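The values are calculated or read from the model by the stated rules, or taken from the named source; none is laboratory data. Bear in mind that the values here come from a model prediction, so they are computed numbers and not experimental data. Every residue, glycine among them, receives a Cβ derived from its backbone with ideal geometry; neighbour counts consider all protein chains shown. Keep in mind that these areas ignore ligands, DNA and RNA; they rest on the heavy atoms of the full protein, side chains included. Shrake-Rupley method; radii C 1.70, N 1.55, O 1.52, S 1.80 Å.
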Amino acid sequence: TLVGALLAASTGIVGATVVTMGLLSLPTMLKKGYSPSLSTGTICAAGTLGQIIPPSIVLILLSDQISASYQQAQLELGNFSPESVSVTDLFVGALIPGICLVFLYIFWQLINSYLNPKSIPIKKKVIDKGEALTIYKKVFKALLPPLILIVAVLGSILGGLATPTESAGVGAIGAILLAYLKKQLNFKVMKEVVQSTAKTTSMVFIILVGAALFSLVFRGYGGDEIVAHFLTNLSGGVVTSIIITMVAIFLLGFFLEVFEIIYVVVPIIGPAILMMGVDPLWFAIMIAINLQTSFLTPPFGFALFYLRGVAPKHVLTTQIYKGAIPFVFIQLLMLIILWFYPDLATFLPKVIYN
């Protein structure tokens with residue numbers, strides 16, 4: 001789980017984390033006698049941390065849509081405020097909820113070890129100090145380069161030294177240098193990286209163009225006014241509106257990809273919710289955690305499919321689904337915690353930037 005969190009902070013991509021841990025960690029866990037459901041569920045859940053722990057692609061795209069929704073809401077209210085939710089605000093605001101999710105995952109694993117000891121076999125092995133020191137040195141040597149990269153990227157953003165775009169350049173150069181030092185940098189690797197980047201960028205922009213056309217037609221026929229009227233006139237006010245919004249996003253996550261929800265759904269519901277005086281930063285973090293569950297919910301949970309592609313054949317798809325279910329509930333629990341303690345998302349940005 002901790003390695004998944006570190007990979008999330010260095011890549012921000014669910015697929016890369018799940019596939020890497022599925023190839024490296026899963027065979028070892030199964031060989032040691034760990035439950036297939038617990039092993040696969042842990043890897044999938046740790047992989048989804050890339051959506052909430054910065055730097056995250058989802059947070060970057062969500063910042064753009066929430067900012068547009070907030071400015072539209074202010075125009076509807078007659079306030080011409082230039083303020084918006086920046087990517088840096090979302091990165092800082094997502095830190096504490098992301099760390100809380102990591103500890104909740106570990107807490108569940110501890111509880112599971114008592115409820116179902118057979119799923120986590122404990123085999124004690126006595127080693128001398130010399131062997132222990134050698135192991136610690138290997139771990140430190142393996143963790144130091146990615147930790148430096150994480151500090152360089154996130155530190156430059158949080159410290160105000162660079163914009164997210166500039167820090168992305170720092171991260172790219174740092175990754176190339178690490179590959180070179182590890183003697184893994186060659187033309188084939190660079191070609192795969194460039195092609196993968198082009199595919200991801202093209203996919204996002206095609207969805208963006210389609211969503212923009214959809215929103216234009218939707219607003220042209222007065223759909224946004226119908227949604228706003230529906231949400232603002234519900235009994236229970238803003239509480240009921242947010243609950244319905246969160247439930248809708250959660251259910252859509254079963255069938256739609258994260259990018260589609262961000263570009264199609266958020267521009268429709270965002271202005272109506274933010275017109276009620278909801279903190280845009282808190283609302284964005286709530287949506288980000290909610291979207292994170294979409295990677296674990298069948299039938300189209302992408303983390304489940306990524307792991308299915310690299311998992312051994314004797315690991316059943318039903319076992320992968322079963323292992324992911326507890327972590328879906330943990331993420332929903334995090335939503336409830338954030339509902340009652342919104343300062344978890346808003347505290348750090350206020351302290352750092354005010």
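Sticking to Cα atoms, compute the Rg of the stretch 1-149 to one decimal and its Dmax as the biggest Cα-Cα distance, whole number, in Å.
Answer for the stretch 1-149, Rg first and Dmax second: 20.2, 71 Å.
Within the stretch 169-218, report the trypsin sites (Lys or Arg not before Pro) that DSSP leaves as loop and that have at most 13 other Cβ atoms within 10 Å.
Lys182, Lys183
Can you list which of the DSSP-assigned H helices in the chain have a Cα extent of 30 Å or more along the long axis and an average Kyte-Doolittle score of at least 0.5?
Details: long enough: 87-115 (41 Å, 1.66); 129-158 (40 Å, 1.32); 187-220 (49 Å, 1.10); 317-340 (35 Å, 1.56).
Helix filter hits for the chain: 87-115, 129-158, 187-220, 317-340.
At most 16 other Cβ atoms within 10 Å and a DSSP loop assignment: could you name the chymotrypsin sites (Phe, Trp or Tyr not before Pro) in the stretch 217-287 that fit? Show your work: numbers first, answer last.
On the way: sites: Phe218, Tyr221, Phe230, Phe250, Phe254, Phe255, Phe259, Tyr263, Trp282, Phe283; in loops: Tyr221, Phe254, Phe255.
Taking the stretch 217-287 and a limit of 16 other Cβ atoms within 10 Å, the loop chymotrypsin sites (Phe, Trp or Tyr not before Pro) found are Tyr221, Phe254, Phe255.
Identify the trypsin sites (Lys or Arg not before Pro) of the stretch 73-168 meeting these criteria: DSSP loop state and at most 11 other C-beta atoms within 10 Å of the C-beta. Let's see the in-between values first.
Values: sites: Lys118, Lys123, Lys124, Lys125, Lys129, Lys137, Lys138, Lys141; in loops: Lys123, Lys124, Lys125.
Qualifying residues, ordered by number: Lys123, Lys124, Lys125.
So what is the relative contact order for the stretch 54-207, in percent, with contacts set as C-alpha pairs under 8 Å and at least six apart?
Taking the mean separation of contacting Cα pairs over the length of the stretch 54-207, I get 17 percent.
In whole percent, what relative contact order does the stretch 162-282 give with Cα contacts below 8 Å and a gap of six or more residues? Spell out each step's value before the answer.
Numbers: 48 pairs, mean separation 33.4, N = 121.
Relative contact order for the stretch 162-282 comes out at 28 percent.
FRET efficiency for Phe254 and Ala212, Cβ-Cβ distance as r, R0 = 22 Å, nearest 0.05?
Numbers: r = 25 Å, r/R0 = 1.12.
Calculated transfer efficiency: 0.35.
What size of dipole, in debye to the nearest 20, comes out for the chain about its Cα centre when the only charges are +1 on Lys and Arg C-beta atoms and -1 on Asp and Glu C-beta atoms?
Numbers: 20 positive and 14 negative charges, 458 e Å.
Around 2200 debye, computed over the chain.
What whole-number distance in Å separates the alpha-carbon centres of the stretch 2-26 and the stretch 114-156?
The distance from the Cα centre of the stretch 2-26 to that of the stretch 114-156 comes to 15 Å.
Would you mind working out the accessible area per residue for the stretch 32-180, using a 1.4 Å probe, and quoting it in Å²? Kindly include the intermediate steps, with their values, before the conclusion.
On the way: 8100 Å² over 149 residues.
Per-residue accessible area for the stretch 32-180 comes out at 54 Å².
Would you calculate a helix-derived [θ] at 222 nm for the chain, using -39,500 (n - 2.57) for each DSSP H run of n ≥ 4 and dividing by the full residue count, to the nearest 500? Mind showing how you got there, number by number?
Numbers: 15 runs with 265 residues, N = 354.
Calculated mean residue ellipticity at 222 nm is -25500 deg cm²/dmol.
Where the accessible area of the stretch 1-71 is counted over protein heavy atoms with a 1.4 Å probe, how much of it, in %, is carbon and sulfur? Working shown, then result.
On the way: 1550 of 2260 Å².
Reported share for carbon and sulfur atoms: 69 percent.
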